[in-house]
Structures are given as C-alpha cells and as structure tokens.
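I have placed the structure first, in the form of structure tokens, so that the comments after it can refer back to it.
None of the figures in this text is laboratory data; all of them are computed from the coordinates on show. Everything quoted here is computed from the prediction, not taken from an experiment. Cβ: placed from backbone, ideal geometry, glycine included. Neighbour counts: every protein chain shown.
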C-alpha cells in the first residue's frame, strides 16, 4: 500500500507517514499510545496544521479504535477521516 501511495505522489515523511507496532502486544501500552499521539501531531504539523486522513489495516484498526477511546480529544484535533481496511471489529466467522 505504501508503494502505491508513493506512486500516486505521496512523499514519505512529508505527506505520508507510517506507524509500526507489534500487533501481538496490548493496544493499551502507554508507550504505544504516546507514539501514535506523537505521529499524529507530526503529520498534522507537516500538513500545515490541516487535519489528516488516517488509514489502518487489520489489527491497526483496533489500535486506532483503542486510541480513540482513550484519547478522543487528540484524535479529533488531528484526524479528518479514518479509513479502515480489513479491520476485525466484529471478530471472525467460526465454522
């Protein structure tokens, strides 16, 4: 996805930011939440103070959802739109 967005004209560190994390750990780790807060602030500043659009994939959606529940004021300040791709909000289908 990053390569596709770069191909569309986005520039890493200027108009395109990523946030990696260990999906096997709890979303409620303070260091993880603080890191996302710092990344959103940096993206917001790089955009000239405009709200940014955020894309999350898979467990990243749960990370953002957790962040929203704990830091809704920060999320609302920096994020315009949130797009989720294949996020397991409803769990999984069992056979």
### Task
Compute the distance in nm between two label points, each set 7 Å from the Cα along the Cα-to-Cβ direction, one at residue 55 and one at residue 8.
0.5 nm
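Sorted by mean Cβ packing within 10 Å, highest first, what order do the peptides 23-33, 78-88 take? Write down the numbers at each step before the final one.
Details: 23-33: 11.9, 78-88: 13.9.
With the highest mean Cβ count within 10 Å placed first, the list reads 78-88, 23-33.
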### Query
Relative to the longest principal Cα axis of the chain, at what angle does helix 30-46 sit, 0 to 90 degrees, rounded to 10?
30 degrees
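If R0 is 30 Å, what FRET efficiency do you get for residue 1 and residue 24 from their C-beta distance, rounded to 0.05?
On the way: r = 21 Å, r/R0 = 0.70.
That gives a FRET efficiency of 0.90.
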### Along principal axes, Cα extents of the chain, largest first, whole Å
46, 30, 21
### Query
Based solely on its DSSP helices, what 222 nm [θ] is calculated for the chain when runs of n ≥ 4 H residues each add -39,500 (n - 2.57) and the sum is averaged over all residues, nearest 500 deg cm²/dmol?
-13000 deg cm²/dmol
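Mind checking the full-extension length gain between residue 42 and residue 82? Use 0.36 nm per residue of separation minus the Cα-Cα distance, one decimal, nm. Walk me through the intermediate numbers first.
Details: separation 40, 0.36 × 40 = 14.40 nm, distance 1.67 nm.
Length gained between residue 42 and residue 82: 12.7 nm.
Order these by the 10 Å Cβ neighbour count, fewest first: 63, 40.
On the way: 63 20, 40 23.
Sorted ascending by nearby Cβ count, the order is 63, 40.
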### Virtual spin-label span in nm between residue 70 and residue 16, 7 Å along Cα→Cβ
2.9 nm
